[in-house]
Amino acid sequence: GWAYGFILVWLGVITGAALTYAVARTYITPLVVRLIKPQKLHYLLQHYGIALVIACSLFPIWPGKLVYFIAGLGAMSFGRFLTAVVLGSLPLLIVYSVLGEQPDIRAIYLSLIVAYVFIKAWLDRSR
């Protein structure tokens with residue numbers, strides 16, 4: 001059923017995000033620090049990191065792996081990152097699971113609406 005499929009996919013997304021974060025944090029950060037100012041990257045991720053990860057997890061067309069990678073480069077803790085991935089991936093994966101294997105345009109529209117509501121609530125809470 002859809003619940004079993006959802007759990008498997010959700011665990012896969014969380015595992016993939018955690019591995020991407022770990023690779024970026026462990027192996028790529030030392031290389032990037034040589035190229036750009038770490039203070040700027042750390043500032044952006046400290047202030048907007050969770051919202052960025054959640055937003056990118058909610059949208060089906062955004063490359064979430066890129067954001068997971070960038071989060072691993074910055075000052076975002078693993079706990080905050082994982083929380084953002086867990087919360088951000090829930091709405092879209094539930095919609096995909098309920099609508100079936102092939103998400104149609106309704107799933108994309110629904111996920112965009114859910115994303116908008118979630119991001120707006122998050123930003124309003126931060127003010």
Count of residues meeting criterion [open to solvent by less than 20 Å² (accessible area, probe 1.4 Å), modelled with pLDDT of 80 or more and of a type in the set (Val, Ile, Thr)] in the range 65-89: 1
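Kindly provide the set of residues from the range 10-44 that are under 22 Å from Leu92 (Cβ atoms) and either surrounded by 15 or more Cβ atoms within 10 Å (Cβ to Cβ) or modelled with pLDDT under 75 (or both), ordered by number.
Filtering the range 10-44 down to residues under 22 Å from Leu92 (Cβ atoms) leaves 10-21.
If the condition is that a residue be under 22 Å from Leu92 (Cβ atoms) and either surrounded by 15 or more Cβ atoms within 10 Å (Cβ to Cβ) or modelled with pLDDT under 75 (or both), then Trp10, Val13, Ala17, Ala18, Thr20, Tyr21 are the ones that fit.
The values are calculated or read from the model by the stated rules, or taken from the named source; none is laboratory data. None of the values given here were measured: they were computed from a predicted structure. As a convention, Cβ positions derive from the backbone with ideal geometry for all residues, glycine included, and neighbour counts pool all protein chains shown. To get the accessible areas, we keep the full protein, side chains included, count just its heavy atoms, and leave off ligands, DNA and RNA. Shrake-Rupley method; radii C 1.70, N 1.55, O 1.52, S 1.80 Å.
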